[in-house]
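Participant: Dropping a structure here in structure tokens format, bear with me for questions.
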Amino acid sequence: MARSDGLVVRVGVPGISPVETLSLARKIVRQELPGDWIVALMGRESRDVSVRRPADKSNPTVAQAFDLAYRLRQHRLVEDCEPSLLLPDEMPQMMRPEFATVSRSSSSSSGGEDSDLSCSAAPDWALAFCRVAAAWDAPRPPGGKSRGQGIIVGHPDTGYTDHPELDAARVLVSRGRDFEEGDLDPRDTLSGFSPGHGTGTGSVIMSSVGPGRAVTGVAPLAELVPLRITTSVVLFSFAKLAEAIRFAADEGHHVLSISLGGPLYSRFLHRSVQYAIERGVIIVAAAGNVWPFVVYPAKLDEVIAVAACNCSKQVWADSASGAQVDITAPGESVWRAQASTTGFTVAPGSGTSFATAITAGAAALWLAHHGRAALINRFGMGGLAAAFKEVLVSKGFDAPNGWDASNYGPGLLNVDKLLRAALPSSVAAGGMSALNANPTARRLSQVDDIVALFPNDDPARIRAALANAMNVNESQLTIEVRDVADEIAYHAVLNPEVRRRLSGKQSHSRRVVSSTKRKPYRPPAMSARLKRMLD
């Protein structure tokens, strides 16, 4: 049975203190929700709180969580409420091109190996491909530093291990957190869907050459703060990631490398990303593996979205693509540290996860090269990410002949060009969103979020089918879908019947891929409210 991890609730008005926020939220929960609930703040300066059941009580099912969210949204002192949805144990595997999801048997989701190309035999091929060594030696302005020195990279992922490829002195464990278990130890338990994933991506960001080491990170003098938020790189709830993003912003991290994501838009996630951008954090995230569209948080305007290529300058076959991609970087057969319950090794792995780690390392180099304080003085704290993105998408790449810039960004990451490029005189009007070369990249409405889940269908037909399913005119659709859009999107991903109803096509769902056994797939139940609307 699909379950939630509770709710994320936004209460009160701007200017309310954290103490007042917590007190108000607890009062509302006591009034509106039956049973015992734990209410906790999600960020130092946030009006968002988590609402979860005690450890000895079962959290609501997905259907129950949506019904509770609809109930709380009616309260006059609640601005917003979202369910925090756990990754289902069982998911349908739709056949491409109609749809694709990452199953528990997919190696690509956790950085599995592809058939290695001869040009990727050397462990440092990706650095040579992106001209990283030349970037390390680029002439620096006064006060600038090389190799990411002085830059802190926050790393929301599966946690860290004591892998010898990770320089223990620069993995700032004492500054990390475990948002999965709610404690101070961000160690990877090497269990779940993506064991060791954080070790692999972390090594690509900041490992340094030394005795017995094979992996060199893009920013080998940067420091890394591990933030354990998940055991799976596929997310259906962004509550823990969003909380980690706010934590990183509050703790003064400079770059966030997010090699994970999911298909569903989250207002809480978006608010957290904006919170971090305003505090001078550059956020880099994976476009996604296997999905036929860019996933969140990479899909947000404020985030640098990264697709993956191989050493032959070809797009990696399983890289997500779309108008939201800002850059493409090596992601197929990238050498990284590999951690498992059987020990520590080094091996090539594939995924937009590694392309993201390389690009995050490049961001750390750029900040160190120019001097972060000097950049803030020039662009302001809130303009730092926009300035980086402008240089990246205008100068920091190579474009092969015939490159598909509409789906994979302007080209392939060239870190040397990125660091040697002249800085803009000021931040572009409109900030991050103004730098999208493709006008279709911007998120427009909740209806568009649902339509985007059908990338190979006529958008007008999906809109018409959605209006028909809700028994409203298309002109009314944006208003009518407003409160239930999150739940419709959730079922459009996980419920083959809902997909068929909206697309008009027979769903090609297979049997469930389970960690234990195969059995007929049973999609999550709908809330009472949505079921009434669609009946």
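Participant: Starting from the 7 Å offset along Cα-to-Cβ, what nm value, one decimal, do you get for the label separation of residue 89 and residue 522?
Facilitator: Roughly 1.1 nm, to one decimal.
Participant: In a shell of Cβ-Cβ distance under 14 Å around residue 36, excluding residue 36 itself, what net charge do Lys and Arg (+1) and Asp and Glu (-1) give? Walk me through the numbers on the way to the answer.
Facilitator: Details: positive: 26, 30, 52, 53, 57; negative: 32, 56.
Taking every other residue near residue 36 into account, the sum is +3.
Participant: Of all the stretches in the chain, which is the longest one without any exposed loop site, taking trypsin sites (Lys or Arg not before Pro) in a DSSP loop (any state but H, G, I, E, B) with at most 15 other Cβ atoms within 10 Å? Walk me through the intermediate numbers first.
Facilitator: On the way: sites that count: 44, 57, 76, 442, 482, 505, 510, 511, 517, 518.
In the chain, the maximal stretch lacking such sites is 77-441.
Participant: Let me ask something else. Count the net charge of all other residues whose Cβ sits under 13 Å from the Cβ of residue 408, scoring Lys and Arg as +1 and Asp and Glu as -1.
Facilitator: On the way: positive: 313; negative: 326, 398, 404.
Neighbour charge sum, excluding residue 408 itself: -2.
Participant: Where both partners of a DSSP beta bridge lie in segment 132-229, what percent of those bridges are antiparallel, to the nearest 5? Before the final figure, lay out each step's value.
Facilitator: On the way: 1 of 11 bridges.
If I count the DSSP bridges inside segment 132-229, around 10 percent turn out antiparallel.
Participant: Stretched out fully, how many nm does the piece from residue 433 to residue 20 gain, at 0.36 nm a residue minus the Cα gap? Each step should come with its number before you reach the end.
Facilitator: Details: separation 413, 0.36 × 413 = 148.68 nm, distance 3.40 nm.
This chain segment gains 145.3 nm when fully extended.
Participant: Let me ask something additional. Using a Förster radius of 45 Å, what is the FRET efficiency between residue 122 and residue 189 based on their Cβ-Cβ separation? Nearest 0.05, please. Can you show the working numbers first?
Facilitator: On the way: r = 32 Å, r/R0 = 0.72.
Efficiency, rounded to the nearest 0.05: 0.90.
Participant: Among 220, 238, 197, flag the residue with its Cα farthest along the positive direction of the charge dipole of segment 179-244, charges on Cβ as +1 for Lys/Arg and -1 for Asp/Glu.
Facilitator: So the residue furthest toward the plus end is 220.
Participant: Percent of accessible area on segment 310-368 owned by carbon and sulfur, 1.4 Å probe?
Facilitator: On the way: 650 of 1370 Å².
The C+S portion of the solvent-accessible surface of segment 310-368 is 47 percent.
Participant: In Å², and per residue, what accessible area does the chain have when probed at 1.4 Å with the other protein chains present?
Facilitator: On the way: 20640 Å² over 535 residues.
Here the residues of the chain average 39 Å² of exposed surface.
Participant: Also: Under 20 °C and 1.002 mPa s, how fast does segment 226-353 diffuse according to Stokes-Einstein, given a Kirkwood radius computed over C-alpha pairs? Answer in µm²/s, whole number.
Facilitator: On the way: Rh = 15.1 Å.
Answer, rounded: 142 µm²/s.
Participant: Still on this model: Calculate how large, on average over all directions, the projected area of the Cα convex hull of the chain is; give the answer in nm² to one decimal. All intermediate terms of the calculation are to be shown ahead of the outcome.
Facilitator: Working: hull surface 96.4 nm².
Computing the convex hull of the Cα atoms and averaging its projections yields 24.1 nm².
Participant: Return the unpartnered cysteines for the chain, using a Cβ-Cβ cut-off of under 4.7 Å.
Facilitator: Here 81, 130, 309 come out as lacking a disulfide-compatible partner, given the Cβ-Cβ threshold of under 4.7 Å.
Participant: I would also like to ask the following. Considering only the other residues whose Cβ falls under 11 Å of the Cβ of residue 136, what net charge follows from Lys and Arg at +1 and Asp and Glu at -1?
Facilitator: Numbers: positive: 131, 140, 145, 147; negative: 137, 416.
My count for the surroundings of residue 136 gives +2.
Participant: What FRET efficiency comes out for residue 344 versus residue 474 if R0 is 60 angstrom and r is the Cβ-Cβ distance? Round to the nearest 0.05. Write down the numbers at each step before the final one.
Facilitator: On the way: r = 56 Å, r/R0 = 0.94.
About 0.60, to the nearest 0.05.
Participant: In the chain, what percentage of the DSSP-assigned beta bridges are antiparallel, given to the nearest 5? Spell out each step's value before the answer.
Facilitator: On the way: 28 of 53 bridges.
Percent antiparallel among DSSP bridges in the chain is about 55.
Participant: Then there is this: In nm, to one decimal, how far is the residue 445 label point from the residue 31 one, both placed 7 Å along Cα→Cβ?
Facilitator: 3.2
Participant: Continuing with this model, one more query. Take the alpha carbon gyration tensor of segment 338-453, find the square roots of its eigenvalues, order them as a ≥ b ≥ c, and report rounded if a/c is under 1.5; if not, report prolate when a/b exceeds b/c, else oblate. Walk me through the numbers before you get to the answer.
Facilitator: Values: a/c = 1.64, a/b = 1.14, b/c = 1.43.
Verdict is oblate for segment 338-453.
Participant: Working from the alpha-carbon coordinates of segment 281-325, get Rg over Rh, Rh being the Kirkwood radius.
Facilitator: Numbers: Rg = 10.4 Å, Rh = 10.5 Å.
Radius of gyration over Kirkwood radius for segment 281-325 works out to 0.99.
Participant: Say the dipole of the chain comes from +1 at the beta carbon of Lys and Arg and -1 at that of Asp and Glu; which of 34, 206, 401 then lies farthest toward its positive end?
Facilitator: The one lying farthest along the dipole's positive direction is 34.
Participant: What length, rounded to one decimal in nm, is gained on full extension from residue 374 through to residue 79, with 0.36 nm per residue of separation minus their alpha-carbon distance?
Facilitator: Taking residue 374 through residue 79 to full extension adds about 102.4 nm, to one decimal.
Participant: Taking the alpha carbon gyration tensor of segment 322-387, what are the square roots of 5 times its eigenvalues, largest first, to the nearest whole Å?
Facilitator: On the way: eigenvalues 195, 51, 16 Å².
Whole-Å semi-axes of the equivalent ellipsoid: 31, 16, 9.
The values are calculated or read from the model by the stated rules, or taken from the named source; none is laboratory data. Given the structure is predicted, the values throughout are model-derived calculations rather than measurements. As a convention, Cβ positions derive from the backbone with ideal geometry for all residues, glycine included, and neighbour counts pool all protein chains shown. With ligands, DNA and RNA removed, areas are computed over all heavy atoms of the protein, side chains included. Shrake-Rupley method; radii C 1.70, N 1.55, O 1.52, S 1.80 Å.
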